[in-house]
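See below for the structure under consideration.
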Amino acid sequence: MDTTYTLIGSPCSLYTGKLRSYLRFKHIPFEEKLSTQSCYKTLIIPRTGVQYIPVLVTPEDDVWQDTTVIMDQLEARFPDNPITSQDAVTNFVAELLHFYADEWLVIPAMHYRWSIEENRQFAYREFGFTAAPESSQDAQIHLGQQLAQRFAGALPVLGITAQTIPAIEQSYHALLSDLNACFTHSDFLLGSKPTIADFGFYGPLYAHLGRDPYSKRLMDETAPKVSAWVQRMAFSSPLDTRVSMAGESKSLHSIVSRMVEEMSDVITQTLEQVANFASTHGDVPVPRAIGDVSFSICGSQGLRKTFPFLQWKWQRVQACYQRLNRDEKAKIAARYSPGLLPLLELPVKAKLTRRDNQLWFS
């Protein structure tokens, strides 16, 4: 039987970039196919029931969707070269940063792609090529403009408005500075080998912020160590992972503090709204968005949609924290923002589970 996997996605897709990097690091044999319009109609939607990329087709012809789930399943199949550490605290921090990257860095990624004219024109071409690679360049650009309307129109849904954009850019610049300091001392976020945190950060920092032309120049000029890390995460050359994990940097602590400051209200309100939604709905798939949450970023107030998926991802962080022993939890309390522990101990009144590529109440 053929042992090759098939990655279906797009060069400009955040989560496709994340999964491609992981597959290369794990030395999992795969081929890559574009998520063309035809592919959506004949494979992605019929086989997954949703229209999100990437998807991974296994050698058994199963179709997997969602990078977090896919990576969990592949770690079980390919235990060599793991993206976990033998240290439980390191694994917890990696899961926390993975959550932050997946659920929050989409904000600067989407802002810079769709608010900056140069990036937007680049994305039109990328979208058109992915959807119809055989078409002429003019036809691809026209098609890309049509396809991009849904994504560009999603900025307010994510809380990206004229009022919040200056603060979003301020926060992103600070993040780049902290990451640049991290990668001055270590090859990856938590030492000399990548963890799930690196793959989470790589998605937005490569596919949007490291490829779109304006954003790439910004990264190259202000955070060259981050640019070098983006190249390193492509895993186009062998990586020596025999060196033990290094310690965390103070800059990493600053990143966690920023996450807590910006996401605390969103996490708290999301858990409350999901619980309220559960009390009035039966055993039905949970919608992608169920209301609005307020947030604060660098002193600017914003409003964005409430995404239950964020709770599902936060449940993973909480579960990882609960597996720590007393001494390990004490290390977390001593190292990080005091606002983190209350978040980790928030009650989840209506737990979510994932089934058939949708969220349900468990």
Legend entry - Dipole of the chain [Lys/Arg +1, Asp/Glu -1 at C-beta], most positive-end residue of Ala101, Phe183, Ile53: Ala101
Legend entry - Percent of beta bridges antiparallel (DSSP, the chain, rounded to nearest 5): 75
Inset, instruction - State, as an integer percentage, the relative contact order of region 1-148 based on alpha-carbon contacts under 8 Å between residues 6 or more apart. - result: 21
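Over the alpha-carbon set of region 108-228, divide Rg by the Kirkwood Rh and report the Rg/Rh ratio to two decimals.
Here the Rg-to-Rh quotient is 1.03.
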Legend entry - Principal axis dimensions, largest first and in whole angstrom, of region 128-176 by Cα: 41, 23, 13
Legend entry - Cα radius of gyration and Dmax for region 158-236 (Å): 12.8, 41
Inset, instruction - Fewest Cβ neighbours within 10 Å first, please rank His142, His208 accordingly. - result: His142, His208
Legend entry - the chain, relative contact order [Cα under 8 Å, separation at least 6], %: 19
Legend entry - Total charge dipole magnitude, region 253-361, about the Cα centre, Cβ charges on Lys, Arg, Asp, Glu only, Debye to nearest 20: 340
Inset, instruction - Per residue of region 46-55, in order, report the coupling 6.51 cos²θ - 1.76 cosθ + 1.60 (Karplus, θ = phi - 60°) as ³J(HN,Hα) in whole Hz, putting x for Gly and Pro. - result: x, 8, 10, x, 10, 10, 10, 10, x, 10
Inset, instruction - Please work out the Cα center distance from region 1-76 to region 114-161, rounded to the nearest Å. - result: 22
Legend entry - Estimated FRET transfer efficiency (Ala162, Gln73; beta-carbon r; R0 51 Å; 0.05): 0.75
Inset, instruction - Return Leu341, Leu14 ranked ascending by Cβ neighbour count within 10 Å, so the fewest neighbours appear first. - result: Leu341, Leu14
Inset, instruction - Tabulate in residue order the Karplus-calculated ³J(HN,Hα) for region 258-275, using 6.51 cos²θ - 1.76 cosθ + 1.60 with θ = phi - 60°, rounded to whole Hz; enter x for Gly and Pro. - result: 5, 4, 4, 4, 7, 9, 4, 5, 5, 4, 4, 5, 5, 4, 5, 6, 5, 4
Inset, instruction - For region 260-346, just say rounded, prolate or oblate: build the C-alpha gyration tensor, square-root its eigenvalues into a ≥ b ≥ c, call rounded for a/c under 1.5, and beyond that prolate if a/b exceeds b/c, oblate if not. - result: oblate
Inset, instruction - Evaluate the relative contact order of region 253-361 (contact order divided by residue number), counting alpha-carbon pairs under 8 angstrom at least 6 apart; express in whole percent. - result: 36
Legend entry - Separation in nanometres of the label points that stand 7 Å from Cα toward Cβ, at Glu134 and Thr4: 2.0
Legend entry - Note, ³J(HN,Hα) from phi for region 114-123, Karplus 6.51, -1.76, 1.60, rounded to Hz, x at Gly and Pro: 9, 9, 9, 4, 4, 5, 4, 5, 4, 5
Inset, instruction - Report, by chain and number, residues whose modeled amide H sits under 5 Å from the one on Ser300, excluding near sequence neighbours (fewer than 5 apart, same chain). - result: none
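Could you work out how much longer the chain between Gln86 and Gln301 gets when fully extended? Use 0.36 nm per residue separation minus the Cα distance between them, nm to one decimal.
Numbers: separation 215, 0.36 × 215 = 77.40 nm, distance 4.02 nm.
Using 0.36 nm per residue and subtracting the Cα-Cα distance, I get 73.4 nm.
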Inset, instruction - Taking Cα extents along the principal axes in Å as the quantity of interest, determine which of (i) 60, 52, 46; (ii) 61, 47, 39; (iii) 69, 43, 35 was computed from the displayed structure. - result: (i)
Inset, instruction - DSSP loop (so not H, G, I, E, B), at most 16 other Cβ within 10 Å: list which GluC sites (Glu not before Pro) in region 38-105 pass both filters. - result: Glu60
Legend entry - P(r) tail fraction, region 5-77 - alpha-carbon pairs more than 15 Å apart, %: 48
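If you put +1 on each Lys and Arg Cβ and -1 on each Asp and Glu Cβ, how big is the dipole of the chain around its Cα centre, in Debye rounded to 20? Walk me through the intermediate numbers first.
On the way: 35 positive and 38 negative charges, 53 e Å.
Taking the Cα centre of the chain as origin, the dipole is about 260 debye.
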Inset, instruction - Extending each Cα 7 Å along its Cβ direction at Ser177 and Asp292, get the distance between those two points in nm, one decimal. - result: 3.2
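The numbers here are math on the coordinates, done by the rules we state, and not lab data. All values reported here derive from a predicted model rather than from experimental measurement. Here Cβ is always computed from backbone atoms with ideal geometry, including for glycine, and neighbour counts include all displayed protein chains.
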